[in-house]
Amino acid sequence: MTTVETGRVTTGAPPSGAVGASARRPDGGPKVRGEFSFSGDLWSDGMVWGATLRSPHASARIRAIDVSAALAIPGVITVVTADDVPGSKFYGLEHRDQPVFAWELVRYAGEPVAAVAADHPETARRALAAIEVDYELTEPVLDPEVALAGEPLHPDGNVFRELWVRKGDPDVRGEFVVEGTYELGMQDQAFMGPEAGLASPADDGGIDLVVSTQWLHNDRDQIAECLALAPEKVRLTLGGVGGAFGAREDVSLQIHASLLASVTGRPVKMVYSREESFLGHVHRHPGRLWMRHSADRDGKIVSYEARIVLDGGAYRSSSYHVVANAACFSAGPYNTPNAVVVGFGVRTNNPPCGAMRGFGAVQVCFAHEAQMDRLADAIGMDRIELRILNAMAPGDTLLTGQIITGALPVADVIRATAALPMPPAASSDPMARPGGAGRTTDATDVVRATGFAVGFKNLMYAEGYDDDSHAACRIEGGVVTITCAAAEVGQGFVTLCQQFGREILGVDDVVVAPADTSIGSAGSTSASRQTMMSGGAVEKACRLVRAQIVEQVAASSGADPDHLAFAEGRVVSVEGPVAVAVDLAELTAEHPYEAMARHQHRTTYPLDADGQGDAHVSMACAAHRAVVDVDPELGLVRVVQLATAQDVGKVLNPTAALGQIEGGIAQGVGLATMEEIILVDGKPRNPSFTDYLIPTALDMPEVAVEWIEVPEPDAPFGAKGIGEPPVISSTPAVVAAIRAATGRPLVRVPVRPTDIVGLTS
Amino acid sequence: MDVTLPTTVDEAVSARADAPDAVLLAGGTDLMVAVNAGWLNPTAVIALRSVAELGQWRVDGDQLVVGAGVTYERMLREGLAASSPGLADAARTVGSPQIRSAGTIGGNLGTASPAGDTLPVLVALGAMVELAGPDGRRSLPMQEFTTGPKRTALAPGEMITAVRVPVASGPQQYRKVGVRNAMVIAVASVAVVLDGDRRSVGVGLGSVGPVPLAAPEAAVFAADAVDWSAGGPVLHEVDAAVRFGELVAAASSPIDDHRSSAAYRRLAIGVLAERCLRTACAPAVGEDAA
């Protein structure tokens, strides 16, 4: 960092808004004050309201759809069904296997069948009720094992992916063998801002759509295909997003709203209710995982076998790649010389599952960390020592045979986590005990215990995907404008853009333009990739602009370009004979400088028939230590503290990084203790925040954090994406602690009070 | 939509007579959920916030009269919490600060959910529910007021004006199990009230039956198990709390649903009851004592 004094520069404190500082997020104040405009707040003169009719049945044949009664309701403008879809009748994030509207079969409860546009939301609701769909009910297939062997539920079959990963000798075994079967319920992303968007017909016959999403360009392409429009006639702008966590990767209302706008010729607003939101987006895959590990007397892992079955629900979404992550990272960040793993992603009549923070690594981490504890116990070894002994490091190989070339300080995160201070002894506040505000539990009813877990996953897309991101930087009148289509979903990318602009160009005023499809794709806000991919593009664009200015200032002043620095709105010389102090606002007042940049990561390759190949770009790891208070008699839990050391590459913004870690821990605690979509006959039984419970402030533990900063090669400022590791190993750490407090096996999450008291049927 | 803003109970009653289909709006924490979810589509609303009588509470001799419009937040403050610590404990378990500032005891009664948090306390206190209707005013014992899940003995055109309970003369406890530590619907809840003046014990159970239940056998057992003469209620024998829990569990009739199982609810209600009596009768060692 530098500060400027009289045209010369001395080392000093970092500028408050630059890289490494806790720069304030531009959307923070408005969000806290309730002034931020979310996509649900969109409004347009003359707009009408769209609404979706969904199947109440998990499996049925559609005999007929009669919309006449709905059309007869005053205020109803149109009703559309599959017959009205002018282009492709299918869409899908990676593979187009999902009908825009079902017309012959419905394959899950909540599948869209029709949509209406009306003058008022209430009119639209009545119109939905007036649409008559004649269903012939069929028996839903709800068990993935049944679906694996059963009749196809879709022309594409029931197996989204069967991936084998074989490494080393399949027959060798160590002296100590442990095995277990583990299950995870269906977690929801539970973002606060429901799906919402406003689609407007354009004069050129195209559509302008403002919407909450994670990936504008992918949405655009799917809409264009279904509406039979050229992609450039579908223009998307990011609306204010109230959280995403993977649930906005797939299209929800985008095609329906655009179609209604196209048919009615009027702007159409759609907003999901909370219940519809639960029906209208994908969830985390529930899973059933069998694992068997063996190790020698010293604790070295010798062999590993696993069978992983993930329920993908009715349509593919991202199941294909979730299976890859689950299988590739299923042994955890431990050196595993011999392995045979099979992962299945299976189609059923359950709600579709797809991306959620952690993306396959969450499911396997819950299982492999329980296995590590069992293995250490079988050998009679300290659980943390066993993990350190087997910890991967650069130069080691993944299950896929890929050699780790970037940073991966697994042993460091384990040691640092274990060294973090323990929480204070039990509070005298009864609300801080298990049961919280219910005051169920007296001090003498509490057992405290600790659990430990380690997890890792890849960063960015994999298996040969040609990923890129685009960004533009422009400086005019001393104000920098960054343009990038990366979706800000709350993670803080807009703050990062400002920090990069300030750091590289030495100005305070950095404006981030609205994200839209007028520039090239930035890819998805997922896979912990935006800091590295779009951050990389923004960094490049800013450096290109900087180089142009350096060239200009050097030429006009005679200074050596290497002697020039940018700070406090000026270009100054830091050494050499020529004193330079050029004001950037003046320099760029009449002659703006601008540049575009594209960033790509290094090439990856597909996995072969044995699951071998250099399929992944970068890795990140974290460890979690959970301290829990348990009331064993009532089966209630209060997570007291989560301590974590995380491999972050470089902290770009401490406050934002802490936010990611606390948020990820909240979701991990939620999966460990309460979060599950309960399905009865394939239908979500609890699609509301009354019954789909997520942690409150009284459920959220104290968080103790240590950053492990080992710069990642080829990443902007050495920073890794940090959004996912906090949610991966926090869940198994909490469950390990509950096991330690109760002595129960607890092989399923979420752990319910009935599991702890031993009343689970 | 027609909205009426009465300022007196009489005006509210006559407004209901004029518009029999009108819904009553107090805190709106149940009503607006139903409206937003599309379960209810009211054409007329009688908003009760301006009815001064409903928003008041007073001590009437050894009785406490709490207006139907008193919010959960107010039950935690003023002299109300001192006069009825059980109601205060129950009110604290309701929702978030925003919900507690809006929701009312009358609304809790009117909704009559088996999980309504103040209802087990009112059962344990032997509350009288005061009503006003076209035929004048009357009052009903709490247990006659709730007739089924979300069903009450309110006659057409009738409304709740207040509840009348004894001013506390001994420890009161309310404990509630949910699946998370705050903002949660009760899976099982227990109120235990020790009445030193009358040397009696009241018990109320939530979420373990179609209506909030009493446990008369357990209550009589506890009254006999307590030594009322000492410097506060203490148990003759500590093990009596365990037996009390068993009797309370036996008085419950829970069901399986998506929130929990009948077996767990029966277990939980017994454990909670045992702890309530244990703590209520051991103020010197129980750090939670009010």
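The values are calculated or read from the model by the stated rules, or taken from the named source; none is laboratory data. Since the model is a prediction, treat every value here as computed from it, not as a measurement. Cβ coordinates were reconstructed from backbone atoms using ideal geometry, including for glycine residues, and neighbour counts include every protein chain displayed. Please note that ligands, DNA and RNA were not included when accessible areas were found on the heavy atoms of the full protein model with its side chains. Shrake-Rupley method; radii C 1.70, N 1.55, O 1.52, S 1.80 Å.
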Open item on the list: At 1.4 Å probe radius, can you tell me the per residue accessible area of chain A in Å²?
Closed with: 35 Å²
- [ ] Only helical DSSP H runs with n ≥ 4 go in: add -39500 (n - 2.57) per run for chain A, normalise by residue count and round the 222 nm mean residue ellipticity to 500 deg cm²/dmol.
- [x] -7500 deg cm²/dmol
Task: Counted charge near A:V141, where neighbours are those whose Cβ lies closer than 11 Å (Asp, Glu -1; Lys, Arg +1) - done: -3
- [ ] Taking just the C-alpha trace of region A:292-339, give me its Rg and Dmax in Å.
- [x] 13.9, 46
- [ ] Quick one: go through region A:463-478 and flag any residue whose amide nitrogen is under 18 Å from the point 7 Å out along the Cα-to-Cβ line of A:D221.
- [x] A:463-471
TODO: Would you look at the GNM of chain B, springs on alpha carbons closer than 10 Å, and say which of B:V271, B:V193, B:V163 moves the most?
DONE: B:V271
Open item on the list: Ignoring solvent entirely, what values of log10 I(q)/I(0) come out of the Debye formula for region B:172-280 at 0.11, 0.14 Å⁻¹ when each Cα is a single scatterer?
Closed with: -0.32, -0.50
Task: chain B, accessible area per residue, ligands and nucleic acids excluded (1.4 Å, Å²) - done: 41 Å²
TODO: Starting from the Cα gyration tensor of region A:602-669, multiply each eigenvalue by 5, take the square root, and state the resulting semi-axes largest first in whole Å.
DONE: 34, 20, 9
Task: Protection proxy ranking of A:447-453, B:109-115 - average other beta-carbon atoms within 10 Å, highest first - done: A:447-453, B:109-115
Open item on the list: Just to verify a number: FRET efficiency for B:S253 and B:I99, C-beta to C-beta distance, R0 = 22 Å, to 0.05?
Closed with: 0.15
Task: With DNA, RNA and ligands ignored, accessible area of A:F456 (1.4 Å probe; Å², nearest 10) - done: 10 Å²
TODO: Return one quarter of the surface area of the convex hull spanned by the alpha-carbon atoms of region A:87-239, equal to its mean projected area, in nm².
DONE: 15.2 nm²
Task: CD proxy at 222 nm, helix term only [per DSSP H run n ≥ 4: -39500 (n - 2.57); per residue of chain B; nearest 500] - done: -9000 deg cm²/dmol
Task: Note, ³J(HN,Hα) from phi for region A:488-497, Karplus 6.51, -1.76, 1.60, rounded to Hz, x at Gly and Pro - done: 7, 10, x, 6, x, 4, 5, 5, 4, 4
Open item on the list: Which of the three applies to region B:123-182, rounded, prolate or oblate, going by the alpha-carbon gyration tensor with a ≥ b ≥ c and a/c under 1.5 meaning rounded?
Closed with: oblate
Open item on the list: With N set to the number of residues, divide the alpha-carbon radius of gyration of region A:662-717 by 2.2 N^0.38 Å and report two decimals.
Closed with: 1.69
Task: Exposure rank, largest accessible area first [A:D134, A:D516; 1.4 Å] - done: A:D134, A:D516
Open item on the list: I want to check a number: in the protein assembly as shown, how many lysine pairs have alpha carbons closer than 21 Å, given a sequence separation of 8 or more or different chains?
Closed with: 10
Task: Within a Gaussian network of chain B (alpha carbon springs, distance under 10 Å), most fluctuating of B:P212, B:P166, B:P97 - done: B:P97
Open item on the list: Quick check: with the 1.4 Å probe, what order do A:V177, A:V322 take by accessible area, largest first?
Closed with: A:V177, A:V322
- [ ] Jot down the radius of gyration and Dmax of the protein assembly as shown, Cα atoms only, both in angstrom.
- [x] 31.4, 101
Open item on the list: If amide hydrogens are placed 1.01 Å from N in the peptide plane, which non-local residues have theirs closer than 5 Å to the one on B:V234?
Closed with: B:D227
TODO: Counting residues in region A:38-145 as N, plug N into 2.2 N^0.38 Å and put the Cα Rg over that result.
DONE: 1.17
- [ ] Using amide H atoms built 1.01 Å from N in the peptide plane, name the residues 5+ places from A:C353, or on other chains, whose amide H lies under 5 Å from its own.
- [x] A:H283, A:G313, A:A314, A:Y315
Task: Label-to-label distance, nm, for residues given as A:D466 and B:D21 (7 Å Cα→Cβ offset) - done: 6.3 nm
- [ ] With just the Cα atoms of region A:183-273, tell me how far they stretch along each of the three principal axes, in Å, largest first.
- [x] 50, 22, 19
Open item on the list: Quick check: at a probe of 1.4 Å, how many percent of the accessible area of region B:172-280 sits on carbon and sulfur atoms?
Closed with: 55 percent
Open item on the list: Just to confirm my numbers, what's the Cα centroid distance between region B:1-51 and region A:607-657 in Å?
Closed with: 50 Å
Task: Unit Cα scatterers, Debye sum, region A:505-620: log10 I(q)/I(0) for q = 0.19 Å⁻¹ - done: -1.04
Task: Relative contact order %, region A:463-530, counting alpha carbon pairs below 8 Å whose residues are six or more apart - done: 41 percent
- [ ] Using only C-alpha atoms and all pairs of different ones, pull out the Kirkwood radius for region A:592-640 in Å with one decimal.
- [x] 16.9 Å
TODO: Just give the residues from region B:178-209 buried by at least 10 square angstrom of accessible area in the all-chains context relative to the isolated chain, probe 1.4 Å, and say none if nothing qualifies.
DONE: B:G178, B:V179, B:R180, B:N181, B:A182, B:M183, B:V184, B:I185
TODO: Would you tell me the mean number of C-beta atoms belonging to other protein chains that fall within 10 Å of each C-beta in A:684-697, as a whole number?
DONE: 3
Task: Backbone HN-Hα couplings from phi across region A:109-122 [Karplus 6.51/-1.76/1.60, Hz, Gly and Pro as x] - done: 6, x, 5, x, 10, 7, 9, 10, 10, 8, 6, 8, x, 5
Task: Counted charge near A:P695, where neighbours are those whose Cβ lies closer than 10 Å (Asp, Glu -1; Lys, Arg +1) - done: -1
TODO: Using Cα pairs closer than 8 Å and at least 6 residues apart in sequence, work out the relative contact order for chain A, in percent.
DONE: 16 percent
Task: Radius of gyration and Dmax over the Cα atoms of region A:306-391, both given in Å - done: 14.8, 45
Task: In sequence order, calculated HN-Hα J values of region B:171-182 (Karplus, 6.51, -1.76, 1.60; Hz; x Gly/Pro) - done: x, 10, 10, 9, 10, 9, 9, x, 8, 9, 8, 6
TODO: Can you pull out the buried accessible area for chains B and A, both sides counted, probe 1.4 Å, rounded to the nearest 100 Å²?
DONE: 3000 Å²
- [ ] Using only the alpha carbon atoms of chain B, find the Kirkwood hydrodynamic radius as the inverse mean reciprocal pair distance, in angstroms to one decimal.
- [x] 19.3 Å
